[in-house]
Amino acid sequence: MDESERGAWLAITRVPGIGAQRTRRLLEHFGDLHQAWTATAGSLVASGLDRRAVDQLIATRGAYDPRRDLDRLETLGATALTWRDPEYPAPLLAVVDAPPVLFVRGRLDALLAPSVAIVGTRRATGYGREQSERFATDLVRAGWVVASGLARGVDTYAHRGAVAALSASGADRPGTVAVMGHGIDTVYPPENARLAAQIIECGALVSDYSLGVGPAADHFPARNRIISGLSLGTLVIEAPPGSGALITTTYANDQGRQVYALPGPVSSPASEGCHRLIQQGARLVTSAEDIVIDLLPSLAMMGRPIPSRQGPLSPTGRTVDRQRPQLAINFEERDQGDANVSGGPGSAVIQVLRDASRPMHVDEIARAAQISSSEIAGLLMMLELDGWVRDDGSLEYSLARHPD
């Protein structure tokens, strides 16, 4: 995309009243946005814009120079991704109201890796802060990216956990994405400035708001659609009634994404929203492993890379991209070595196949390992991709290697 076309995309985002739907209309009519940005009033009306939108576009054109934002993006080391850029994240592009322009400061590969959103109240309790860090840490160690909103409370501790986990591993891969309700040249709340700088190094700051746009109360609920849209699933840690985190789950449901909720003390108002979500059908989780296993079939159906945490070669000898570290079997292990199979449902399957010393049907494995039929398929997929089991056909599996 040349500079004039990219500048036109930036310019169109500055026009009040022109969002995703009207941008699509302009693209369908003119073929590109540079033609729309420079079109006459009559041509714009012919494209389907109402007179008010046409007047706003022309007024913006008279007052705004796209070169200013292009230069500012270069100074920041930032990027403006459009629907037509291959780096635009596919899960978000599938959302009906995906923003035409996504401003990104940091690593673009953070938007291409499979992610899980962690959201919750700004007034997190000690329990909420601890669990936010724990889930984020374990998800990142399992090769996933954690998306959140950089707000106080749960968001902050989720980002901190992700940054710390990636820093401790020394791995050169993305760990977290912060979606903000203002331009990426601003940090809010201001006390998260240092955290934002860390996120730029190991992930990305993201916004659909133009440079120079400051935080506003109505921006944050709207940006929640991007948090859920980027992610394959959304986890709510703590959310009292009326929490903005519950808005994110509404978006996630509308987008066809899975919602997870962490239960808390029944007497805690901070967990009331989580308990209500579980009553309404959200999946109760107690560990990152619950989420990872649940999302594996979705990854396969979408053709997304499978996160992993090992080196460039899997135990089966298949080449694995360094940006896809192998999934860990035991989420309690904190090192970066080979996947350990002590504990958890993965190790139960390994033990069953080890004892049998023969191929076993998936139903037989589920019964012997005492794992539900709804979980066994995803778990076996994980174990196969991680090199522990092999598919012998006819829904039968055998052990591919023995744990040390």
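Fewest-first ordering of M180, M360 by other beta carbons within 10 Å of each residue's beta carbon gives M360, M180.
Here D391, D185 are placed in order of increasing Cβ neighbour count within 10 Å, fewest first, which gives D391, D185. Looking at the chain, the DSSP beta bridges with both ends there are about 45 percent antiparallel. Here each label is just a point 7 Å from Cα along the line to Cβ, and for T38 and R51 those points are 2.8 nm apart. The angle separating the long axis of helix 288-302 from the principal Cα axis of greatest extent in the chain is about 70 degrees.
For the peptides 77-89, 140-152, the ranking by mean Cβ contacts within 10 Å, running from highest to lowest, is 140-152, 77-89. Here r is the Cβ-Cβ distance between R194 and D109 and R0 is 35 Å; the resulting FRET efficiency, rounded to 0.05, is 0.95.
Rounded to the nearest 0.05, what FRET efficiency do R367 and R152 have when you use their Cβ-Cβ distance and R0 = 45 Å? That gives a FRET efficiency of 0.40.
For G175, nonlocal amide neighbours, meaning residues 5 or more places apart or on other chains whose placed amide H falls under 5 Å from its own, are G203. The C-alpha atoms of the chain define a longest principal axis, and helix 3-13 lies at about 90 degrees to it. Once Rg and Dmax of the Cα atoms in Å is calculated for the structure shown, the corresponding label among (i) 27.9, 90; (ii) 29.2, 127; (iii) 23.0, 77 turns out to be (iii). Going by neighbour counts of Cβ atoms within 10 Å, the residues D138, D97, D290 line up, fewest first, as D97, D290, D138.
Rule-based calculations on the coordinates, nothing more; no lab input. If you're wondering where the values come from, they're calculated on a predicted model, not measured in any experiment. All Cβ positions, glycine included, derive from the backbone under ideal geometry; neighbour counts span all protein chains shown.
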